[in-house]
1. Looking only at region 30-59, filter to residues that are in a loop (DSSP other than H, G, I, E, B) and among the hydrophobic types (A, V, I, L, M, F, W, C); which one of those is farthest from residue 113 (Cα to Cα)?
2. Counting only residues that are surrounded by 12 or more Cβ atoms within 10 Å (Cβ to Cβ), closer than 14 Å to residue 97 by Cα and charged (D, E, K, R), how many does region 10-53 have?
3. Can you find a residue in region 5-18 that is touching a strand residue (DSSP E or B) at 6+ places or on another chain (Cβ under 6 Å) and assigned to a loop (DSSP other than H, G, I, E, B)?
4. Hey, can you tell me all the residues within region 93-118 that are modelled with pLDDT under 85 and surrounded by 10 or more Cβ atoms within 10 Å (Cβ to Cβ)?
Amino acid sequence: MTKAETIREAVELIKANIKLAEANPNVITGIPVIPAGSYVATFALKEGVPSFEVTKLVGTTFSKASVPMNLVHSESGKKLNEQDVSYNNSLEPILTNSTVWENQYIVHTENRISSKNNPYQVIIFDGVLELVTTE
């Protein structure tokens, strides 16, 4: 299988997972788990492809959709490898474009309170920090 075929197959799998994630309500789980602030983020690539998983929560109609990211805290330089970032629609154009999978992104965290008064954390993508080019 050529590299182009492998990437095309990976993108199709990601698109299928996106459809699955959007067909079931995405559950936000847990309280804030990483320090608030800005981070440099990269996808935790597996064989050159972002890992995107949709996990059905047993006994419910809900699922958890997440993409593991490697994060580096901008202020302290502390590395937080393989943090699960909840999938949302703003990630779709990034996940389905293989030319940006190796980019570095600037992201920040926001702590929020749900409608049921439960704390949760979101990671917001602010843009591309650096374009990675291959020679």
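The values are calculated or read from the model by the stated rules, or taken from the named source; none is laboratory data. Just so you know, these numbers come straight off a predicted model, no measurement behind them. Glycine also receives a Cβ, built like all others from the backbone with ideal geometry; neighbour counts cover every protein chain displayed.
1. 44
2. Number satisfying all stated conditions: 1.
3. no
4. Result: 118, single match.
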